[in-house]
Amino acid sequence: MSEFKDKDTTSDAAVGGIRGIFGSRQTFKSFKNPVYRLYYVAMAGYYAPMSMQMLGRSLLVYRITGSATILGIMSLAFALPMLCLSLLGGVIADRMSKKHVIVAGTAGAALVSLGIALALTLGYISPERPGSWWILAVAGALQGAIMALMVPARLAIIPEIVGREELLNAVSLNTMLMNGLRMLAPALAGFLVVRFDFDTLYYVMTGCYLTSAIVFSFMPRTGTVATPGPNALAQMKEGLNYVRHNTPVLLILFFTVFAVVLTMPYYVLMPIFTEDILMVGAGGLGILMSVSGAGAIIGSLVLASLPNKKRGLMFLTGNLLLSLALIGFSFSGSWHLSLALIAFVGLGDTARMALGNTLLQYYTEEEYHGRVMSIFVMQFGLMGFGAFGAGLLTEVVGVQWAVGGLAAVLVPVTLLVLAFVPRLRRLD
């Protein structure tokens, strides 16, 4: 385990005030680790533009094309490299310094964002040029490739910093940060689009990515694990064989992937809800995403304060909550009801993400962390395929039945798993 674990001598009294929110539990105990604090600041610079892009790119594509199918194609362009390169990213994470991989990947994301900003400024991308969406598709493919190669390292570095027993706390706080910025950044993105234009949004995103890369460069180098195997392909196969023979990890991965494909397309198709059903425009889209982030922050704080018990049950319950709330949101025509339901969508989503991440790393041997997390990262690619299918379905039955119908499939599946798969339900 990392030499950086628990070196800070900060007293419990320093965090006593905020700990009081959740009684005696050390909700913010990972912040006592100085390396984790630096990691946290760097991740803020990464999550902010990522959250802005979720709103900005989908809204820009929809305004250029007015097509749900092309929104789905955009997700597919991002998904293909995620699926093709994630396993390689896991091998890289297990063989190289994770810090260097993260710095390089974040700098690459800044370059792609800058390219889109310049294309917007120069007029190569605009609603007046309906065919210009292909540039965004190419950029999405590049971003998917960068994420596939970088994110396994970004996830697998956390247990090197804090250790296994504080993993749920650290992952939950990290998820809280992501969701906090998901609450604030979309509103900022909507403001930038309304007040200025899409090019300003992408310039701001570029600055955030560059700041993140600089902060990451100051992190101490964490330990690397030299894994056996003559080449990357052999090590990928070794990682897949490890997953196949590790029943808890296999169950978590299967259920996570299934849940992501059925529920996450709403992210990509959200502009259709705000533009055509709720009639609230870019500002309303930002507010909806922000409220979802608020619900997710509450979930993250609760998870960060909990002991390492009944995490499998909470994981499944969170997925059930996510699917039920998403069904309600899909068929809501009321702005206020939609706001309430999207908060529960965010809460359920954070339980799925934080607990799935934590359980995978907790039940994985250290030398396989990168490769197992690379399979977890493939969910983002599969989410793109789900969004593509949902986009096609939207053209036939409408966005409400497409998103709500897919989410409805997860409800009986989750109930069956709760009843008949005790191995997953009883994981601590």
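Please report the relative contact order for the chain, taking Cα pairs under 8 Å with a sequence separation of at least 6, and give it as a percent rounded to a whole number. Please list the in-between numbers first.
On the way: 782 pairs, mean separation 118.5, N = 428.
Computed value for the chain: 28 percent relative contact order.
Exposure proxy check: TYR267, TYR202, TYR39 ranked by fewest other beta carbons within 10 Å?
TYR267, TYR39, TYR202
Compute the long axis of helix 335-362 from its Cα atoms, compare it with the longest principal axis of the Cα atoms of the chain, and write down the angle in degrees, 0 to 90, nearest 10.
Relative to the chain, helix 335-362 is tipped by roughly 30 degrees.
Can you list the trypsin sites (Lys or Arg not before Pro) in region 285-378 that are in a DSSP coil and have 12 or fewer other beta carbons within 10 angstrom?
LYS309
State the number of lysine pairs found in the chain whose Cα atoms come within less than 28 Å, restricting to pairs 8 or more positions apart or on distinct chains.
21
Pick from SER374, SER323, SER334: which residue has the top mean-square fluctuation in a GNM of the chain where Cα pairs under 10 Å get a spring?
SER334
For region 273-428, give the magnitude of the charge dipole about the Cα centre (Cβ charges: +1 Lys/Arg, -1 Asp/Glu; no others), in debye to the nearest 20. Kindly include the intermediate steps, with their values, before the conclusion.
Working: 8 positive and 8 negative charges, 124 e Å.
Once rounded to the nearest 20, the dipole reads 600 debye.
For Rg/Rh (Cα atoms, Kirkwood Rh), which listed value, (1) 0.95; (2) 0.98; (3) 1.11, comes from the coordinates shown?
Correct label is (1).
Starting at 0 and stepping by 5 Å, how many percent of the alpha carbon pairs of region 319-399 end up in each bin?
Histogram of Cα-Cα distances, whole percents per bin: 3, 13, 15, 18, 20, 13, 8, 6, 3, 1.
Relative contact order for region 151-310: what is it in percent, counting Cα pairs under 8 Å that are at least 6 residues apart?
Relative contact order, region 151-310: 51 percent.
Which of LEU210, SER30, PHE380 sits farthest toward the positive end of the charge dipole of the chain, with +1 on the Cβ of Lys and Arg and -1 on the Cβ of Asp and Glu?
Farthest towards the positive end: SER30.
Between the helical axis of 98-121 and the dominant principal axis of the chain, each derived from Cα atoms, what acute angle in degrees is found, rounded to the nearest 10?
Roughly 10 degrees, rounded to the nearest 10.
Using unit Cβ charges (K, R positive; D, E negative) and no other charged atoms, how large, in debye to the nearest 20, is the dipole of region 31-425 about its Cα centre?
Computed about the Cα centre, the dipole is about 720 debye.
If I fit a long axis through the Cα atoms of helix 369-397 and take the longest principal axis of the Cα atoms of the chain, what angle between them do I get, 0 to 90°, rounded to 10?
Helix 369-397 sits roughly 20 degrees off the main axis of the chain.
Quick note: the coordinates plus some simple rules give every number you see, no bench work behind them. Bear in mind the structure is a predicted one, so any value in this text is a computation, not a measurement. Cβ coordinates were reconstructed from backbone atoms using ideal geometry, including for glycine residues, and neighbour counts include every protein chain displayed.
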